[in-house]
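Reading through the structure tokens given below for one structure.
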Amino acid sequence: MDEQYTPGHSANATAFMAARSFNSHGEFIRAYLELGMKVLDCGCGPGAISVGLAEAVGESGHVTGIDFAESQIGIAKTRAISNLSFQIASVYELPFEDEAFDLVFSHALFEHLADPVRGVREIRRVLRTGGIAGLCSPDWGGFILSPTDDAVETAITRYRMLQEKNGGQTRAGRQLGSWIAGGGLVPEKMQARYECYPNSRVIAEYLALQLEQTGNEESASVLRNWAASACSLFAQAWVSAIARKA
Ligand SMILES: C[S@@+](CC[C@H](N)C(=O)[O-])C[C@H]1O[C@@H](n2cnc3c(N)ncnc32)[C@H](O)[C@@H]1O
């Protein structure tokens, strides 16, 4: 299995994830969280969303965030509170007993996995019977960029090729349901929403840095110039899936 995490863990990529919160990106799972639940957050990054999960399950519950990157867990640990802990682990080999969690959450991870069905299978193993999994991934097939031209389209295509060469999927959102079913969970609800970046420079810089680091300086510069226009729009399509362990 050849897999490389495309965004990397630069200061820019980490700040990009750290700007998220449970309110901004975790809404799809809110209705399934209850006080006292044991929750696992897979691919938690710097832990910005995990904090809100911990608040939702209260002092009688517990959230464990895992990420395979030592740097991210180091940052996440600075947010740890009595009912929130973090540890280094891969979603493919979770260091927990069978049926250890009531709910498993994973935001913006599955689009980077070369074997997403294996990831779902492992999540299913640590989920109690009747427990809930909530996954969310973008789907580049639904992104809206405006204004656009051949150079902008080429830059976006190059970024997508990079993620796919690294083993990821840029149309992950629409595949979540089949990955979930393939991994033995029962899909219950699929939803989609748009995230419109208030300042296109933020997302353009995030993508441009990765293009630059892989020799696509021209496309990086096209995206930066595009974002400088006052009327630029970057609307990112997110698909979320709720599933249950039967
Ligand atoms: C795009 S970030 C998302 C972080 C956070 N969940 C969020 O939505 O802001 C994906 C995270 O998954 C982690 N990751 C990638 N592959 C992983 C794997 N196989 N197992 C565990 N974590 C992984 C990366 O290190 C990164 O921190």
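The values are calculated or read from the model by the stated rules, or taken from the named source; none is laboratory data. Model, not experiment: these values are computed from the prediction. Counting neighbours? That spans all protein chains shown, and the Cβs are built from the backbone with ideal geometry, glycine included.
What to note about this one:
This table checks each residue for (1) of a type in the set (Gly, Ala, Ser); (2) more than 20 Å from ASN199 (Cα to Cα).
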{"site": "PRO7", "(1), (2)": "no, no"}
{"site": "ALA13", "(1), (2)": "yes, no"}
{"site": "PHE28", "(1), (2)": "no, yes"}
{"site": "ALA31", "(1), (2)": "yes, yes"}
{"site": "GLY36", "(1), (2)": "yes, yes"}
{"site": "VAL39", "(1), (2)": "no, yes"}
{"site": "CYS42", "(1), (2)": "no, yes"}
{"site": "GLY47", "(1), (2)": "yes, yes"}
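- For LYS165, the conditions (1) among the basic types (Lys, Arg); (2) in contact (Cβ under 8 Å) with a residue 60 or more places away in the chain; (3) more than 19 Å from PHE105 (Cβ to Cβ) all hold with the exception of (2).
- Hey, ALA54 in contact with a Pro (Cβ under 7 Å, 6 or more places away or on another chain) and under 27 Å from GLY177 (Cα atoms) or not: no
- In the range 27-44, the residues that are in contact (Cβ under 8 Å) with a residue 12 or more places away in the chain and part of a strand (DSSP E or B) form Cβ pairs under 9 Å with partners that are away from the ligand (no atom under 12 Å from the Cβ) and among the charged types (D, E, K, R), at six or more places apart or across chains, as follows: LYS38/ASP102; LYS38/ARG128; VAL39/ASP102.
- Residues of the range 228-239 that are assigned to a strand (DSSP E or B) and polar (S, T, N, Q): GLN236 alone.
One line per residue, one yes/no per condition, for (1) more than 30 Å from GLU188 (Cα to Cα); (2) more than 16 Å from the ligand (Cβ to nearest atom); (3) assigned to a helix (DSSP H, G or I); (4) β-branched (Val, Ile, Thr):
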site: ARG128; (1), (2), (3), (4): no, yes, no, no
site: CYS136; (1), (2), (3), (4): no, no, no, no
site: THR148; (1), (2), (3), (4): yes, yes, no, yes
site: ALA155; (1), (2), (3), (4): yes, yes, yes, no
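- Entry remark, the range 1-52: residues being surrounded by fewer than 20 Cβ atoms within 10 Å (Cβ to Cβ) and away from the ligand (no atom under 12 Å from the Cβ) number 11 in total.
- Residue, modelled with the lowest pLDDT, within the range 206-227, restricted to residues that are assigned to a loop (DSSP other than H, G, I, E, B) and touching a helix residue (DSSP H, G or I) at 6+ places or on another chain (Cβ under 7 Å): THR214
- All of (1) in contact (Cβ under 8 Å) with a residue 24 or more places away in the chain; (2) of a type outside the set (Lys, Arg); (3) within 11 Å of the ligand (Cβ to nearest atom) hold for ALA89 with one exception: (1).
- Within the option set ILE203, ILE242, ILE180, being within 30 Å of TYR32 (Cβ to Cβ), not in a helix (DSSP H, G or I) and not charged (D, E, K, R) holds for one residue only, ILE242.
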